[in-house]
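The values are calculated or read from the model by the stated rules, or taken from the named source; none is laboratory data. The model shown is predicted, which means the values in this text are computed figures rather than measured ones. Cβ placement follows ideal geometry from the backbone for every residue including glycine, while neighbour counts extend to all protein chains displayed.
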Amino acid sequence: MAGIWRDFVAAVFTAFRRRDEQAIAKERRRAVERLAEETIREARRPTDPPE
């Protein structure tokens, strides 16, 4: 009986850990996308200001 509870608790902790890892991965992906968009915008700006 104790083995069943141990397995259950381990499964719950693993499920929460995976959700956290997925959330972190999504946030990293969004940060990379924002950085890429900002870099592209800066590269498209004219280098010399209009006179």
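Structural remarks
Every residue, every condition in (1) loosely packed, with under 10 Cβ neighbours inside 10 Å; (2) part of a helix (DSSP H, G or I), yes or no:
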site	(1), (2)
Trp5	yes, yes
Arg17	no, yes
Ala23	no, yes
Ala31	no, yes
Ala36	no, yes
Pro46	yes, no
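- Of all residues in the chain being within 22 Å of the chain's Cα centre (by Cα) and of a type in the set (Phe, Trp, Tyr), the one that is modelled with the lowest pLDDT: Phe16
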